[in-house]
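**Student:** Mind looking over this structure? Questions follow.
The values are calculated or read from the model by the stated rules, or taken from the named source; none is laboratory data. These figures come from a predicted structure and were not determined experimentally. Ideal geometry is used to build each Cβ from the backbone, glycine not excepted, and the neighbour counts take in all protein chains shown. All accessible areas refer to the heavy atoms of the entire protein, side chains included, with ligands and DNA or RNA removed. Shrake-Rupley method; radii C 1.70, N 1.55, O 1.52, S 1.80 Å.
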Amino acid sequence: MTARGPRRRSGRTDKVSISLDRSDLALLRKRARRLYGGNLSAVVAEGVGRIREDEGREALVAWLGDLGRTAPEQRESIRAEWRGDSTRRRRRRTA
């Protein structure tokens, strides 16, 4: 019997070694068990997807320049509208 070399991974993946705080690793493992049948790589890929979205938003804001910038009050007003807060003003219908 011959010794096996490193296992080849299919697709365009690379194997990496990282160090994490134990509590962070426990959290990742818990999520992996709950959502991905224990696949820790899937949890990392999910996180990378969220980072890609954040990077895309930042690139969009940079591309928009001044049009992409908002004041804190504007952002909170937008969030309130998304939440459907009753504190926002409602348009009154005029007859």
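**Student:** Find how much the distance from R22 to V61 grows on full extension, using 0.36 nm per residue of separation minus their present alpha carbon separation; answer in nm with one decimal.
**Tutor:** Values: separation 39, 0.36 × 39 = 14.04 nm, distance 3.56 nm.
Contour length minus Cα-Cα distance gives 10.5 nm.
**Student:** Over the stretch 21-64, what percent of the accessible surface lies on carbon and sulfur atoms, probe 1.4 Å?
**Tutor:** Details: 2080 of 3700 Å².
Roughly 56 percent of what the probe reaches on the stretch 21-64 is carbon or sulfur.
**Student:** Just grab the label-to-label distance for R31 and R75, each label 7 Å out from Cα along the Cβ direction, in nm (one decimal).
**Tutor:** 2.2 nm
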